[in-house]
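Working notes, beginning with the structure itself.
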Amino acid sequence: MASTAPIGVFDSGLGGISVAHEIRRAMPHERVLYFGDSANAPYGTKTPEQVRELSFAIVEHFVKQGVKAVVIACNTATSAAVNELRDTYEIPIIGMEPALKVACDRGHGERQRVIVAATPLTLRERKFAALMDRFKADHTIHPEPCPDLVSIVESGRLDDHDLVMRTLHGYFDHYDLDSIDAVVLGCTHFVFYRGYFRELLPDSAAIIDGNEGTVRHLHVVLESLGKLAPEDTVGGVELANSDPSPHVAALARDLLQRP
């Protein structure tokens, strides 16, 4: 497969556009085919079996388009489907998981108090349980499911400040936020709320997402395979969605310009 082949990136909806944006920033010569499954969003409240079925259909479509790698820009789909997808396809399948290690390592050996904000399915799956088991003895970790943060992005209400802050307070007011060292944004939709989280949290609390690390890993994998696009290649992001409405298309274009 040619190094000029595109990279497939998908999410349950529009959140993974934050990952496509990071690929465009860090790997400007790469062509990205982005697919958002907004017609079936949210994934975070579905069964693992449903998410696997949807994920396989999307990856199969990417393979027919000749992609050289797939990034699952969705923590939920990664939890439910990444192992089976890797067993089925020969191209690299790059998944995502909440950046809990990054949050805990910030303490340089000191106990960290971390909130992991994610979808209900991500927090229920064995993959997250195994991740949490690695750190919970030495750190205090609070999993916090935030399904409404997905629907706010998908419905185009991200700029409704009162709605967003009211929703965040509903999820986080029961914590002593002054004692929290970091909040991990364990869903790609949540990256679009970084400014709102900064408003909610004390300055001492870090806000951490996995986008940069995921794209860095993608770069390493493609480089190791000799599949990085040549520097004279014109990169870019092509947006597609299972919801064909003009409203969703306009929202996707807007979000691609945001982060």
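The values are calculated or read from the model by the stated rules, or taken from the named source; none is laboratory data. These numbers were taken from a predicted model, which means no experiment stands behind them. Glycine gets a Cβ as well: all are built from the backbone with ideal geometry, and neighbour counts include every protein chain shown. We work out accessible area using only protein heavy atoms, side chains counted, and drop any ligands, DNA or RNA first. Shrake-Rupley method; radii C 1.70, N 1.55, O 1.52, S 1.80 Å.
Side notes on the structure shown:
- Condition met for residue 222 (closer than 26 Å to residue 176 by Cβ, surrounded by 18 or more Cβ atoms within 10 Å (Cβ to Cβ) and of a type outside the set (S, T, N, Q)): no
- Residue within region 242-253 that is open to solvent by 40 Å² or more (accessible area, probe 1.4 Å), part of a strand (DSSP E or B), more than 17 Å from residue 142 (Cα to Cα) and in contact (Cβ under 8 Å) with a residue 40 or more places away in the chain present: no
- Test result for residue 166, of a type in the set (Lys, Arg), without any contact (Cβ under 8 Å) to a residue 24 or more places away in the chain, open to solvent by 30 Å² or more (accessible area, probe 1.4 Å) and out of contact with any strand residue (DSSP E or B) (no Cβ under 9 Å at 6 or more places or on another chain): yes
- Qualifying residue in region 221-236 (condition: touching a residue at least 60 places away in the same chain (Cβ under 8 Å), in a strand (DSSP E or B), over 20 Å from residue 37 (Cβ atoms) and touching a Ser or Thr at 6+ places or on another chain (Cβ under 9 Å)): no
- The residues of region 124-151 that are touching a Cys at 6+ places or on another chain (Cβ under 8 Å) and open to solvent by 40 Å² or more (accessible area, probe 1.4 Å) amount to a single one, 138.
- Condition check for residue 117: under 19 Å from residue 52 (Cα atoms) and open to solvent by less than 50 Å² (accessible area, probe 1.4 Å): no
- Of everything in region 78-98 that is small (Gly, Ala, Ser) and modelled with pLDDT under 95, the residue that is most open to solvent (accessible area, probe 1.4 Å) is 79.
- Odd one out for residue 178, checked against (1) surrounded by fewer than 16 Cβ atoms within 10 Å (Cβ to Cβ); (2) farther than 14 Å from residue 201 by Cα: (2)
- The residue that is modelled with the lowest pLDDT, among those in region 15-67 that are in contact with a Pro (Cβ under 9 Å, 6 or more places away or on another chain) and open to solvent by 50 Å² or more (accessible area, probe 1.4 Å), is 45.
- Tally of residues being assigned to a helix (DSSP H, G or I) and either free of Cβ contacts under 8 Å to residues at least 12 places away in the same chain or of a type in the set (Gly, Ala, Ser) (or both) across region 50-84: 11
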